[in-house]
Each structure stands twice: as structure tokens, then as C-alpha cells.
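The values are calculated or read from the model by the stated rules, or taken from the named source; none is laboratory data. The shown structure was predicted, so the numbers you read here are calculated from the model rather than taken from an experiment. For neighbour counting, all protein chains shown are included, and Cβ atoms are generated from backbone atoms with ideal geometry for every residue, glycine included. Note: accessible area is taken over every heavy atom of the protein model, side chains too, but ligands, DNA and RNA are not part of it. Shrake-Rupley method; radii C 1.70, N 1.55, O 1.52, S 1.80 Å.
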Number of protein chains: 2
Amino acid sequence: MKLPKFEVEQWMTNYEGKAVYNLTDTCVSPLKLQELLAMDTDHLFQDLTLDYGAITGDPMLKKALLSLYQTGSEANITTAQGCLQASEMVMNTVLEAGDTVISYVPGYQAFIDYPRSIGCKVIPLRLYEEDGWQPKLAELEEAMKEPVKMIIVNNPSNPTGTVFEDAYLSRLIALSEKNHTMILSDEIYRDPACRSLSDRTENAVSVSSLSKMYSLAGLRFGWLKGPADLIEKINERRDYSIISTGPVADILARIALENKDAILQRSRTIISACKDAVREFLERDPRFSVVLPDYGTVSFLRYEGNVPSETLALHALNRYGVFFVPGSCFACENHLRLGLTCREETMRKGLVHLAQALDDLTQ
Amino acid sequence: MKLPKFEVEQWMTNYEGKAVYNLTDTCVSPLKLQELLAMDTDHLFQDLTLDYGAITGDPMLKKALLSLYQTGSEANITTAQGCLQASEMVMNTVLEAGDTVISYVPGYQAFIDYPRSIGCKVIPLRLYEEDGWQPKLAELEEAMKEPVKMIIVNNPSNPTGTVFEDAYLSRLIALSEKNHTMILSDEIYRDPACRSLSDRTENAVSVSSLSKMYSLAGLRFGWLKGPADLIEKINERRDYSIISTGPVADILARIALENKDAILQRSRTIISACKDAVREFLERDPRFSVVLPDYGTVSFLRYEGNVPSETLALHALNRYGVFFVPGSCFACENHLRLGLTCREETMRKGLVHLAQALDDLTQ
């Protein structure tokens, strides 16, 4: 089952270690283990026995996960080792060779190339920068004239930051219900202040993790929330892959979720400060522009000038230590993925160096 | 990509919680987190930052993993979230629809049904109880008259406990090298006192984890050791699935591996005491027999009498709290999977109750 290289992940693996100013990370500045354990006032962590634990997560963990949603019960939840694996589980369980899948571009490569590796036809719908990285409803309606097995929505989106407009989602839901099309909603960048698609239709399965908004990528903890019959099928298939997420990740995840307000408040403060720094930078340097999203941690910075994005990214890194994923990793030139996740000072200094790097290559 | 229910895992999930005497678990009696952390004399754990960590494992972790092998360097190692996922990664990376795969029965269902789900033809070679659960060389030679993409060896095997004889393995290696057939060697039950197939041929990739011999299933930590070009391909594909195993699992795994002698000594003592208890039981009750393996934690207990294995397993559990996976989960009646992993007292009492359960159903 052949897959091409995952451009953005390979780029991160190859270059992230060199970053002095990491302006492309989509995970809010990571928490330390000790910061998380300090929240464990009931001392849940220290008494763990290192067996498989509850295979699909214990009731207290599921209760904590359900607190992120308006609907659902334990039967609607299962766990995964990260959000990407949660998506993989859904695609492996639902899709067969010959199925048609709708996805969005520029987008996360897995949502195009993974279904293709299963033998699916993928219809990529465009997000339009001139429309604030929104898709066109007419294109969705056209695509859904043929039978579609799955629509994959990443909301907010990586790398564009797209928060899908409500009118579009309402129509998407109506079409999916009419045509019995499943919605895979990757909500890894969702702020729980926003409604999950899985709370709006029985046709949607939401996947997420603690990696981005909760600053806990190190736990490799994700989950799925969706229709009980799908969750049951996924739990059966999961036996061929991971068996369980294990008590260490499970208990640390539960501690995080039971203290989500404090963690989210920290994240929102960091994201907000990053946005302020970006706005000030954009006012000073008209060669750059960006659609700053209302939610999530990702945006897609546009720059003017005839410089390939990979050239700019490598020069910025090698000369100034400023790290970006180039738009080329998303087949979209003249862009750099801009994470809204670092400390304000890092963002301010990094953007100044980015402008210098562009100067170097255009003057 | 349809897969049938994974019989043994579903059985474990459905019934394990009821066990008073768990005589079927294949993981040596689990360690507590505090027991593991007590080995962390360098206080590696407490300083963790919860980012993705080193994507394929850091050099110190890989060094600790390489200590389990006679050959190889960092380029021959990558990490996975458990051994099953490591196998899945190998099969997903190497196999395509139409390939032929050799596997062994009775065996672990994933090694038959997962390749089938990819669209492979699977040739199941039999393990013969009358030969101490060994396969027949002539059948391997016959099967390899056609092009075979992969031979999957589980050594020691679940559920039979088969430790493949050296002469058989030598011939298997020679055939695989002659025919460019990859060997996937699941060595999750290997005692490092035994040589890994990956140390005997460049054609073999070994997968394993800390779940069985190291009593640490709760870490969900596994790894692969094999040819560098395959490991590189797997690392690329891994980006679509897990990204990393994360610093929490990685550091706990490293602590365990750097203290493997103490952990393995504990395991060998437990396994040995279990075997003694089983031998004494067999001398008292001639209705039961078993091939007790030299290594590993698994055996396949045979019983006489016209009682379906599922009936016996359910009665033993419901009436006496004695938990077994029935042979029916491995398509092999008149057997129960017997783990050599529990406390001696549990084994002794559990076996007495098993005999009572068989009495109940046959008298």
C-alpha cells in the first residue's frame, strides 16, 4: 500500500531540531510533565499498574472526553494514539478501494494521499485565499452529484487556518445526510468553545487529540467521538493495531481534561499574543499578509516576491534560525505555515528575521 | 479494508475483567509505575517536556534497544506503539494486493487476516502438536515453490509456545535469501538469551515490545529492528500514522531497557514457578497435557473430553473465576491458552478449579 513521503512531517523531522525561533509549530508551547502532574491533586498517577488498562478507555476518562461535546455517551467515544491515528482508524474502517472521498486543498496531506493508498478516488475541493480560505458551496454541490463515501473536514484547517463558515457546514451536513455520506471531522485545532460537527449530525465522527490546543503532544493521546455503531466497528479493528492506549497516557490525559479550563486559558493567551505580534509585523511590512483565524493555532503567511518557499524557508533557518514549513509542502507557493503557538518574544524576533531573510533573497 | 473480529482480543476485552485467576494472560505479571520509576536513578523522567520528542526515538533509547541484539546500529531501529503496530507497519509498507504470505497455524490471527485485508494470498503452514508444535520443513519447501513476498514467524509463538528449531530456521533463512522473501519475525516473547532472526539474516525484520517479557504493556512501547532501507521506508510511512511514540513512553522504555537484567530476572522467576506448578498439576491429572516451551510466556493446554473449549472457558470463569482464552479463538478445539505469567499461588489454585470445571461438564 504505497504512500508518497509526507512532505510536512518529513520537513519537520529533518529541520525542526535546528530551530531557534520555531514559528511553524502548530502545538501550543508544550507543557512540562511536572506542570501536568502538579494538577494531579488526587494522586491518580502514582498508583498506576502498567498493564494494558481499560482497552477502550475507562469510564472516568470517557466522561472527561465527553465534557468537550454537547451530545453523546460512553458508547460514542474511543481512544487512539494521537489524532492522526484516529483518522487512520476511521479511514481504514470505512473506506474501500473504489470509494469516492472529498477533501480540501491546501490541506493536510494524509487526507488526500491516505484514501488514495486504499484505492479511493479523491476529489480535492479548493480553499480560496481571496475568500479568507473558504471553499465554494457550488463546488461541494457539484462534487456530491456522484456517490461520495466520505467528506474529510479539518476544522480549523492545517495549514490555512480555515474555520468553516456556518452556512457552508449546514449545507454540507444536509448533503451528507441526504446522501448517506460520512463526515470525518478532524477537530484537532478546535477550541471547545466552538461546536463539534459530531454534535450537529449523527453522520459525523470527530477526531482530536491533546497535542495542539492542550500543549501535550508528548502524551500521544487522541480520541474519536461519533456514531456508536461506527465506534464499535473501530474498536474491533483497533485490536489489530494498538489494543489500548495504555494507563500511562490515559491517566495523564484524564488529568489534563479534568483541568482543561486552566490549560485552554494558557493556550488562548499564547495564541492571542502571537496574533498581536503578527498584526504589528504586518502593519510594518506590506510584503506579508495572512488570514488570521478566529480559532486554532495555524495560519498560512503569504509573502510577495519571486522566491520559492523552500528557498526562503531554508535561508531563514540556516541564516537566522527561524523555522517555517514552506508552502511547497502543501503544493502552494509564496506561503509559509505560521503557527500561533510560541512565546510572544520568539514570534516578534522571528518575524523580524524572516523579513531580513526575504530582503537577502530579493535585494 | 474489511477485517473479521480479532477473536482472542475480543475475548480478552469481554471477559478479562471477571478473572479472579487469570491463567491466560501472556504478559508477565505487570510492574507498577513506582517500581519502574524506582529504577530511574538519573531522574530522567521528572524533567520531561511534553512535545513530540525525537520522532523515531533518541540515540540513547536506540542504544538501549540495540543492547537486545548482536548486530545493527541506530539506522536499523525505529519505534512503534506496541509490537502489533510494529507488525502492522511492516505489513502496510511491504505488502500489496496479490502478494503471497506464509504464516503459521494455530497462530496469532493478525498474521493471517491482516495480510488478507490488504488483498494478499496467505498460505497457512501447520504447527503439529505431536511434533511439539513444530512445523514440517517439507511443507515450507513446497510453499516456497511459488514467489512468496513475506514469511511471518512468531518466535516463540502465540498460542502454541513454539520455539522454532534451529535447523528449520536455518533452512527458512536460506530459502528466504535465495527467493528474496522478507521475514517478519515477531519476537515479542523472545528472551534476549535467544538470538533474534534479525541477527541471523539481513532479510529479517524483528518486531517486539515491552509488554510481555518486560511486564510493561502499559507503556504501549514497541520497536522494529531490521534492514536500514526498510526502516527508512517505515519511518516515512509512520508519518501517516503516529508521528512519534512520544517522550513519556520513550523515557520509561529507556529506563526499563537500561534495567533489563533485573526485570528479566523477575520474569524468568515467575515463568519458572508457573511451569513447576503446571508440571505438578499434569502429573496429578492425566486429562491435561501441554508442550511447555523453553522460552516465552505462552503455552497451549490440551484437555480430553467432548467439551467445546468455549463452554469450558466460560464455565471455568463464571463458576470459579478462572480465566482462559478458549482454543476456539485460534480455531483449535480441546485447547486453552495457558499463560505462564501469574503468581505461582494463582496458577496452582486456578488449575485445581479448572479440573473441577472439567469435572462439572463431563461427569
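Distances, shortest first, from the label point of A:GLN34 to those at the same position in the other copies read 2.2 nm; the point lies 7 Å along Cα to C-beta. Expressed in units of 2.2 N^0.38 Å, where N is the residue count, the Cα radius of gyration of region A:293-363 is 1.05. For the pair B and A, the buried accessible area comes to roughly 5200 Å² in total, with a 1.4 Å probe and the value rounded to the nearest 100. Centre-to-centre, using Cα atoms only, region A:211-273 and region B:196-240 are separated by 25 Å.
Note on region B:91-237: Cα convex hull, mean projected area over all directions, 8.7 nm². From its DSSP helices (H runs of at least four residues, each -39,500 (n - 2.57)), the protein assembly as shown gives a residue-normalised ellipticity at 222 nm of -12000 deg cm²/dmol.
Taking every residue in A:28-40 and counting other chain Cβ atoms within 10 Å of its Cβ, the average works out to 3. Principal axis extents of the C-alpha atoms in region A:284-329 (largest first, rounded to whole Å): 32, 21, 21. With every protein chain left in place and a probe of 1.4 Å, what is the accessible surface of B:ARG348, to the nearest 10 Å²? B:ARG348 exposes around 70 Å² with every protein chain in place. Note on B:GLN10 and A:VAL352: with the Förster distance fixed at 45 Å, the Cβ-Cβ geometry gives a FRET efficiency of about 0.20.
Neighbours of A:THR24 by Cβ distance under 9 Å: Lys/Arg scored +1, Asp/Glu scored -1, total -1. Compute the accessible area of each residue in region B:1-22 twice, once for its chain alone and once with every protein chain present, using a 1.4 Å probe on heavy atoms, and list those whose area falls by at least 40 Å². At a threshold of 40 Å² (probe 1.4 Å), the residues of region B:1-22 that become less exposed are B:MET1, B:LEU3, B:LYS5, B:PHE6, B:GLU9, B:GLN10, B:THR13. Between this copy and the others, label points of A:LEU125 are 5.2 nm apart in ascending order, each placed 7 angstrom from Cα in the Cβ direction.
Residue by residue, region B:100-110 carries 3J(HN,Hα) couplings of 9, 10, 9, 9, 10, 10, x, x, 7, 4, 4 Hz when phi is fed to the Karplus relation 6.51 cos²θ - 1.76 cosθ + 1.60 (θ = phi - 60°); x denotes Gly or Pro.
At a Förster radius of 51 Å, what calculated FRET efficiency corresponds to the Cβ-Cβ distance of B:LEU37 and B:LYS145, to the nearest 0.05? Efficiency, rounded to the nearest 0.05: 0.40.
Across chain B, the convex hull enclosing all Cα atoms gives 133 Å³ per residue.
Rounded to the nearest whole angstrom, the semi-axes of the ellipsoid equivalent to region A:241-306, taken from the Cα gyration tensor as √(5λ), stand at 37, 17, 7, largest first. Taking Cβ atoms as reference points and 13 Å as the exclusive limit, the residues near B:ARG302 contribute a net charge of -3, counting Lys and Arg as +1 and Asp and Glu as -1.
Take peptides A:223-231, B:209-217, A:310-318 and line them up by average Cβ neighbours within 10 Å, highest first, as a rough protection proxy. Numbers along the way, then the final one.
Values: A:223-231: 21.2, B:209-217: 27.6, A:310-318: 19.3.
Per-residue mean Cβ counts within 10 Å order the peptides as B:209-217, A:223-231, A:310-318.
When the alpha carbon coordinates of region B:1-49 are projected onto the principal axes, the ranges are 45, 36, 15 Å, largest first. Computed with every protein chain present, the accessible area of B:ASP166 is close to 90 Å² [probe 1.4 Å]. For A:GLU187, the solvent-accessible surface with a 1.4 Å probe is about 10 Å², rounded to the nearest 10. The share of C-alpha pairs in region B:220-363 whose separation exceeds 21 Å stands at 56 percent. Other residues lying with their Cβ under 15 Å from the Cβ of B:GLU344 contribute a combined charge of +3, Lys and Arg counting +1, Asp and Glu -1.
A simple spin-label model places pseudo-atoms 7 Å from Cα toward Cβ; at A:ARG268 and B:THR311 they are separated by 6.3 nm.
Among residues of chain B, the one whose beta-carbon sits closest to the B-to-A rotation axis is listed with its distance in Å as B:GLN81, 2.
The calculated P(r) of the protein assembly as shown, using every Cα pair and 10 Å bins from 0, goes 3, 15, 24, 25, 19, 10, 4, 1, 0, 0 in percent.
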